[in-house]
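Asks: If you scroll down you'll find the structure; I have some questions about it.
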Amino acid sequence: MSTPETAVRELTYGEAVREAIAEEMRRDERVFLIGEDVAEAGHPFKTLVGLVQEFGTDRIIDTPISEPGYAGIGVGAAMTGMRPIVDVMFGDFITLTMDQMVNQAAKVHYMSGGKLKVPIVFRTTLGATRRSAAQHSQSLQAWVSHVPGLKVALPSTPYEAKGLMKTAIRDEGPVVIFEDKMMYRVKGPVPAEDYTIPFGVADIKRAGTDVTIVATSSMVTVALGAATMLEAIGISAEVIDPRTTAPLDKATLIESAKKTSRAIVVDEGYERYGVTAELASVIAEGAFYFLDAPVKRIGAMDVPVPFSPVLEDLTVPSEKMVFEAAKALCRKA
Amino acid sequence: MTTTHAIEPRMELEQHLHMYRQMAKIRAFEEQVNELYKSAKMPGLAHLYVGQEGVAVGVCEALRRDDFITSTHRGHGHCLAKGATVNRMFAELLGKEPGYCRGKGGSMHIADPETGNLGANAIVGGSAGIATGAALSAKMRGSGQVAVCFFGDGALGQGLLYETMNMASLWTLPVIYVCENNLYGEYTPCGDTVAGDILARPRAFGVHAESVDGQDVQAVHATMRRLVERARRGEGPAFLECKTYRYYGHHVGDVNREYRTREEEREWMTTHDPLLTLAGRLTAQKLADAGVFERIVSDVKAEIDTGVQFALAAPYPELSEVDEDVYA
């Protein structure tokens, strides 16, 4: 038997999300969840199984297939004393909710001179390689990271999935949280006790000295895999997960790049005008005189995500791509 | 309601005179806004509510202070009718610190949670979700509050309205969709944009729907009271089409109004004016005389004059406030 101090359980990423939501719903009766197939069905990814049995259909609310409508209903409920979690099944569908997220939720607090608050969580997904083609595979975190008033969280492990979700639910304003749909069955340590992860604090997933790899969400695993490959050829990579793109922990990124003198940024969103562009410019502006090479960006290929596996796999950043980029930066090619 | 008529005629007259005062206040406010625009004292534009006063006043007089409303780009009338003060309204329109949004919202975004006003919205139809969500929240909290969503005929083209009406009906939410049909969506007659029968749309979702003469504040008020009581009893959402007319153009800068005739405008202003209609009726019933209405108009004028002077003299926000309240 483990002692209490060392009893770190393993949960899947999906279980961690569910536990966060359940704990917050027990803690605060204002929290409810609304979306498509969330009650009896327990969500198509099965992340919400069991919640309706505990909380009932008054708090786990199945909607028609009307993303703009129930997103807007969430905004109105949030403005009037409730704390909704709006479930947007696929990240691609946030395009349908844009007016409610961007013109309403993000701006109400500011436009009202600080009088109205919108404590709402938009829960959605990112990630390709599920063979779901162009309308169910995008990673659109850049879209919402662009908008003042929204916070954006990108959990990369079960630990982050729980901690960031709890922080999102407790936030006084709108938060968009993108879960990596390819990670739902991946296990990792998740403390049983209550914990939250502050927004705007990056996590150094692996310390290193030769090259900084900043990676978000699904790309953290890719970066760590590349770091292992790099270690084998004598390159020490530091892997940093910003965990939230808004707010962004610029200092940790810049300090790491100053230390290693080389930086790669990896994100599964489209490379063009994407998260990688923003993070790379933060590093370039903040660490320019310490850099030995231009900051390298690696995002998803700028094409609609194709269906055929042989094509789809080409569009997503891989360990090999990150490895090669790091090797080139460190002139070990 | 017939009981109320029989027992409390005096109280009823007071309420009708109060409604006249509220309509007169909105009209005087908007005429002053137009002057501020023409004299280049107001930044940006404003969409005037003149002509539609009977709708906002008839609806809001049927609500409790803690009932919710969501408003539109043509929203000054809704805000005032729900209880906003002219001083802080003018201050907001001028982008001044004491404004309802500390100058950050302006004409199209005035919000006043203290009077249940969840904000005007510059996205046509954009507040249908907010109002319906407020109704869901009221139901979940068991607060007995009702939410009213104001929108114009232009918003009938927005899908959000139908998605939310569907859910409001499914979940029996205490929300009333008030469609102010003023015949024009911006510069286009609604006949060019609205197919079929308007009331058939909410009815398709099982939403109780009625139409009323929006220029008759007593009719709007009586109808609304019924719909509000119905919603508060848990009998679900309703849709009220108020047939009305905006006397000015789409906004203060729309002065030529090529899309409609002066004859049409004159007809509405003379035979369908909400203030003339109410004053004429109360006078004919010998419940009030011309002197009563003159005194109200003169009181209101003084309130407006004081309010605009307050706003003109008020300070602008500190520049350091520009990035405050982005995040709660």
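Bear in mind that the values in this text are calculations on the coordinates, not laboratory data. No experiment lies behind these values; they were computed from the predicted model shown. Using ideal geometry, Cβ is built from the backbone for each residue, glycine included, and neighbour counts are taken over all protein chains shown.
Asks: Residues in region A:151-173 that are outside any helix (DSSP H, G or I) and buried (at least 23 other Cβ atoms within 10 Å of the Cβ): how many?
Replies: Qualifying residue count for the region: 7.
Asks: From the list A:VAL147, A:VAL176, A:VAL201, which one is touching a Lys or Arg at 6+ places or on another chain (Cβ under 8 Å) and either assigned to a loop (DSSP other than H, G, I, E, B) or without any contact (Cβ under 8 Å) to a residue 24 or more places away in the chain (or both)?
Replies: A:VAL201
Asks: Give the residues of region A:61-101 that are touching a Ser or Thr at 6+ places or on another chain (Cβ under 7 Å), at the interface with chain B (Cβ under 10 Å from one of its Cβ atoms) and part of a helix (DSSP H, G or I), sorted by residue number.
Replies: Listed by number, the residues that qualify are A:GLU67, A:PRO68, A:GLY69, A:TYR70, A:ALA71, A:GLY72, A:ILE73, A:GLY76, A:ALA77.
Asks: On to the next question. Give the residues of region B:157-181 that are touching a strand residue (DSSP E or B) at 6+ places or on another chain (Cβ under 9 Å) and either crowded, with 24+ Cβ neighbours inside 10 Å or free of Cβ contacts under 8 Å to residues at least 24 places away in the same chain (or both), sorted by residue number.
Replies: B:LEU161, B:THR164, B:MET165, B:ALA168, B:LEU173, B:PRO174, B:VAL175, B:ILE176, B:TYR177, B:VAL178, B:CYS179, B:GLU180
Asks: Right, something else. Please work out which residue is farthest from the other protein chains (Cβ to nearest Cβ), limiting yourself to region B:117-138 and to residues that are touching a residue at least 40 places away in the same chain (Cβ under 8 Å) and surrounded by fewer than 23 Cβ atoms within 10 Å (Cβ to Cβ).
Replies: Looking at the filtered set, the residue picked out is B:VAL124.
Asks: Out of region A:39-60, which residues are among the aromatic types (Phe, Trp, Tyr) and either within 14 Å of chain B (Cβ to nearest Cβ) or surrounded by 22 or more Cβ atoms within 10 Å (Cβ to Cβ) (or both)?
Replies: Correct list: A:PHE55 only.
Asks: Of the conditions (1) surrounded by fewer than 23 Cβ atoms within 10 Å (Cβ to Cβ); (2) touching an Asp or Glu at 6+ places or on another chain (Cβ under 7 Å); (3) within 14 Å of chain B (Cβ to nearest Cβ), A:HIS109 satisfies every one except a single condition; which number is it?
Replies: (1)
Asks: Could you list, in sequence order, the residues of region A:233-253 that are crowded, with 20+ Cβ neighbours inside 10 Å and of a type in the set (A, V, I, L, M)?
Replies: Hits for region A:233-253 are A:ILE235, A:ALA237, A:VAL239, A:ILE240, A:ALA246, A:LEU248, A:LEU253.
Asks: Against the definition (within 21 Å of B:TYR49 (Cα to Cα), facing chain A (nearest Cβ under 9 Å), within 20 Å of the chain's Cα centre (by Cα) and of a type in the set (A, V, I, L, M)), how does B:ILE176 come out, yes or no?
Replies: no
Asks: State all residues of region B:139-149 that are buried (at least 24 other Cβ atoms within 10 Å of the Cβ) and of a type in the set (Gly, Ala, Ser); if no residue qualifies, say none.
Replies: Once the filter is applied, which keeps residues that are buried (at least 24 other Cβ atoms within 10 Å of the Cβ) and of a type in the set (Gly, Ala, Ser), region B:139-149 yields only B:ALA147.
Asks: Please find, among A:ALA263, A:ALA287, A:ALA326, A:ALA293, the residue that is surrounded by fewer than 21 Cβ atoms within 10 Å (Cβ to Cβ) and of a type in the set (A, V, I, L, M).
Replies: Of A:ALA263, A:ALA287, A:ALA326, A:ALA293, the one residue that is surrounded by fewer than 21 Cβ atoms within 10 Å (Cβ to Cβ) and of a type in the set (A, V, I, L, M) is A:ALA293.
Asks: Could you tell me whether any residue of region B:60-83 is over 19 Å from B:GLY249 (Cβ atoms), surrounded by fewer than 20 Cβ atoms within 10 Å (Cβ to Cβ) and in contact with a Lys or Arg (Cβ under 7 Å, 6 or more places away or on another chain)?
Replies: Among the residues of region B:60-83, at least one is over 19 Å from B:GLY249 (Cβ atoms), surrounded by fewer than 20 Cβ atoms within 10 Å (Cβ to Cβ) and in contact with a Lys or Arg (Cβ under 7 Å, 6 or more places away or on another chain), which makes the answer yes.
Asks: So for region A:193-211 (the condition being surrounded by 24 or more Cβ atoms within 10 Å (Cβ to Cβ) and out of contact with any Gly (no Cβ under 8 Å at 6 or more places or on another chain)), does at least one residue qualify?
Replies: Yes, there is a match, as at least one residue in region A:193-211 is surrounded by 24 or more Cβ atoms within 10 Å (Cβ to Cβ) and out of contact with any Gly (no Cβ under 8 Å at 6 or more places or on another chain).
Asks: Please determine, by comparing only the residues of region A:37-53 that are within 18 Å of A:VAL186 (Cβ to Cβ) and of a type in the set (Val, Ile, Thr), which one is nearest to the chain's Cα centre (by Cα).
Replies: My answer is A:THR47.
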